[in-house]
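The values are calculated or read from the model by the stated rules, or taken from the named source; none is laboratory data. Predicted model, so just to flag it, every value in this text is computed and none were measured. So basically every Cβ, Gly included, is an ideal-geometry build from the backbone, and we count neighbours across all protein chains shown.
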């Protein structure tokens with residue numbers, strides 16, 4: 001075999017490995033930083049509004065906070081309000097146990113609990 005073909009084959013193989021590694025790194029970054037995990041859906045008494053609680057990405061490693069967001073939708077699934085926040089939960093994923101939801105006539109109040117923080121209340125008007 002000619003040395004030129006061998007060198008070309010090595011570069012092709014290195015290129016394929018680099019592309020594969022890039023895909024793995026991009027997938028890891030997406031899952032840990034941007035992937036949305038729906039934690040809970042809650043509806044107003046008349047089912048006109050829906051509140052979605054999401055975890056965004058994974059908790060900061062090793063014992064960091066978890067990024068979350070509240071999204072309030074209308075009956076037609078039109079986004080009305082959105083609120084980003086963090087939960088100090090000892091590096092754990094959040095669950096429905098970290099939230100309490102109270103629907104009122106013109107607003108929804110969400111109380112957030114974390115293992116390493118006091119109670120936080122967020123109010124979304126509709």
Considering only residues of the stretch 114-126 that are surrounded by 15 or more Cβ atoms within 10 Å (Cβ to Cβ) and at pLDDT below 95, which is nearest to residue 73 (Cα to Cα)?
126
Criterion violated by residue 38 - all others in (1) exposed (fewer than 12 other Cβ atoms within 10 Å of the Cβ); (2) at pLDDT 95 or above; (3) more than 9 Å from the chain's Cα centre (by Cα) satisfied
(3)
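Answer yes or no: is there a residue in the stretch 94-102 that is under 26 Å from residue 31 (Cα atoms) and in contact (Cβ under 8 Å) with a residue 60 or more places away in the chain.
The answer is yes; a qualifying residue exists.
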What is the one condition in (1) in a strand (DSSP E or B); (2) in contact (Cβ under 8 Å) with a residue 24 or more places away in the chain; (3) under 12 Å from the mean Cα position of the chain (by Cα) that residue 108 does not satisfy?
(3)
